[in-house]
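Novice: To start, I am sharing the structure in question, which I have written as structure tokens.
The values are calculated or read from the model by the stated rules, or taken from the named source; none is laboratory data. Keep in mind the model is a prediction, meaning the values are calculated, not measured. When we count neighbours, we look across all protein chains shown, and the Cβ atoms used for this are built from the backbone with ideal geometry, even at glycine.
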Amino acid sequence: MLAMTPALPVVIVCVTSTAALDACLAALDANLPASAAVLVADNANGDPRIPTLAQRWCQQTRLSAQYLRCEWPRSRARHRGELLAGHNQSDVVLLDGDAVPAPGWLQQLMHCAGAHPGIATLSAWSNGNALTSFPRFCQDNPLPESLDSMATAAARLGILELTELPMAQGPCLYLRGEALRQLGGLDSDTYEALGAEADFCHRAASMGWRNALCPSAFIGRSEDSQPSEPTGEDLHRLAARWPEHQERFARFLLQDPLRRLREQLVERIAELAGENQRGGPQGDLFH
């Protein structure tokens with residue numbers, strides 16, 4: 001009997017700026033399988049160029065693409081909560097509109113999720129300021145000059161070793177459909193922004209699920225980093241519901257459990273550069 005190929009997750013692109021969205025959609029067109037479904041979700045962005053850009057891309061791409069624009073702007077949590085509520089029958093990927101995914105990113109995330117069925121959320125390496133930033137921890141880093149090389153080096157790390165995160169971070173959030181159905185999605189009644197995603201991760205962990213880094217996937221960020229953790233009222237509400245949140249986050253920062261994986265990724269990059277030099281000139285991976 002032939003093994004069934006797992007269904008591709010729905011990729012939901014949450015629009016930011018026009019220039020960033022153009023780069024993000026171009027990367028998706030180049031790197032996703034033709035059968036992939038993409039929803040370009042516009043939270044009533046004020047830039048009048050975005051609807052034209054998004055609609056034209058949806059018409060021209062080889063992917064199964066749809067553009068959805070809100071009539072009025074919602075909070076980040078409510079917008080994403082509504083999007084997830086309509087796509088909880090399968091795994092879903094929330095992708096910030098300034099993301100620039102490296103080749104093979106979705107396949108690596110799917111492979112990781114398939115090999116570790118207890119995972120509720122997956123994050124990927126990124127150059128943005130977050131727990132999963134590379135090469136410098138929790139700092140803005142330049143976008144790799146060659147995303148192809150970055151993807152190859154990350155893939156060589158494999159997926160056997162997973163590091164759990166206190167909350168999902170970065171420009172990409174891979175959500176398992178089963179966890180979404182069990183946990184009820186994002187709590188957009190309590191939170192306005194990132195607190196809803198952190199709360200989901202806490203609820204997942206309390207039910208025995210895991211929130212982890214996929215070490216074999218890299219997803220760049222083309223713009224300056226957005227906030228990577230809850231702030232303001234979201235943080236107060238999160239601390240009231242989950243008193244251990246700030247301690248877990250601080251402990252992760254102090255212990256830096258991703259250090260060894262970052263060092264291994266640097267080694268894989270150096271190995272790849274040496275192989276490329278033997279076969280031809282190779283520039284630096286980062287600007």
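Novice: Of the residues ALA44, ALA102, which single one is surrounded by fewer than 17 Cβ atoms within 10 Å (Cβ to Cβ) and hydrophobic (A, V, I, L, M, F, W, C)? Break it down into steps so the answer makes sense when it comes.
Specialist: On the way: ALA102 fails: surrounded by fewer than 17 Cβ atoms within 10 Å (Cβ to Cβ).
Among ALA44, ALA102, only ALA44 is surrounded by fewer than 17 Cβ atoms within 10 Å (Cβ to Cβ) and hydrophobic (A, V, I, L, M, F, W, C).
Novice: Taking the stretch 31-41 as the region of interest, how many residues are surrounded by fewer than 19 Cβ atoms within 10 Å (Cβ to Cβ) and among the aliphatic types (A, V, I, L, M)?
Specialist: Residues flagged as surrounded by fewer than 19 Cβ atoms within 10 Å (Cβ to Cβ) and among the aliphatic types (A, V, I, L, M) within the stretch 31-41 amount to 2.
Novice: Next question. Please work out which residue is nearest to the chain's Cα centre (by Cα), limiting yourself to the stretch 63-77 and to residues that are of a type in the set (A, V, I, L, M, F, W, C) and farther than 16 Å from GLY97 by Cα.
Specialist: Restricting attention to the stretch 63-77, the residues satisfying the condition of being of a type in the set (A, V, I, L, M, F, W, C) are 63, 65, 68, 70, 72, 77.
After this cut, where a residue has to be farther than 16 Å from GLY97 by Cα as well, the list is 63, 72.
On the way: LEU63: 19, TRP72: 25 Å.
Filtering the stretch 63-77 for residues that are of a type in the set (A, V, I, L, M, F, W, C) and farther than 16 Å from GLY97 by Cα, the one nearest to the chain's Cα centre (by Cα) comes out as LEU63.
Novice: Go through the stretch 215-263 and count every residue that is hydrophobic (A, V, I, L, M, F, W, C), touching a residue at least 40 places away in the same chain (Cβ under 8 Å), part of a helix (DSSP H, G or I) and surrounded by 13 or more Cβ atoms within 10 Å (Cβ to Cβ).
Specialist: 5
Novice: Let me ask something else. Among the numbered criteria (1) in contact with a Leu (Cβ under 8 Å, 6 or more places away or on another chain); (2) more than 29 Å from LEU254 (Cβ to Cβ), which one does GLY86 miss?
Specialist: Against the list (1) in contact with a Leu (Cβ under 8 Å, 6 or more places away or on another chain); (2) more than 29 Å from LEU254 (Cβ to Cβ), GLY86 comes up short only on (1).
Novice: Taking the criterion of being touching a His at 6+ places or on another chain (Cβ under 9 Å), farther than 24 Å from GLY97 by Cβ and free of Cβ contacts under 8 Å to residues at least 60 places away in the same chain, would at least one residue in the stretch 166-179 satisfy it?
Specialist: No, every residue in the stretch 166-179 fails to be touching a His at 6+ places or on another chain (Cβ under 9 Å), farther than 24 Å from GLY97 by Cβ and free of Cβ contacts under 8 Å to residues at least 60 places away in the same chain.
Novice: Also: Quick one: which residue in ALA240, ALA151, ALA198 is of a type in the set (Gly, Ala, Ser), on the phi < 0 side of the Ramachandran plot and more than 16 Å from the chain's Cα centre (by Cα)?
Specialist: Testing whether each residue is of a type in the set (Gly, Ala, Ser), on the phi < 0 side of the Ramachandran plot and more than 16 Å from the chain's Cα centre (by Cα) leaves just ALA240.
Novice: Filter the stretch 172-192 down to residues that are modelled with pLDDT under 95 and assigned to a loop (DSSP other than H, G, I, E, B) and give me whichever is surrounded by the most Cβ atoms within 10 Å (Cβ to Cβ).
Specialist: GLY185
Novice: Something else now. Looking at the stretch 1-22 only, could you name the residues that are of a type in the set (A, V, I, L, M), in contact (Cβ under 8 Å) with a residue 60 or more places away in the chain and more than 21 Å from GLN89 (Cα to Cα)? So that I can check it myself, show each step before the final result.
Specialist: We begin by selecting, within the stretch 1-22, every residue of a type in the set (A, V, I, L, M); these are 1-4, 7-8, 10-13, 15, 19-21.
Filter once more, keeping what is in contact (Cβ under 8 Å) with a residue 60 or more places away in the chain: 7-8, 10-13, 15, 19-21.
VAL15, ALA19, ALA20, LEU21, listed by residue number.
Novice: In contact (Cβ under 8 Å) with a residue 60 or more places away in the chain and closer than 20 Å to LEU83 by Cα: which single residue out of SER188, SER149 fits that description?
Specialist: SER188
Novice: Among the residues of the stretch 105-138 satisfying the criterion of being closer than 10 Å to CYS214 by Cα and not hydrophobic (A, V, I, L, M, F, W, C), which is surrounded by the fewest Cβ atoms within 10 Å (Cβ to Cβ)?
Specialist: Looking at residues that are closer than 10 Å to CYS214 by Cα and not hydrophobic (A, V, I, L, M, F, W, C), I get HIS111.
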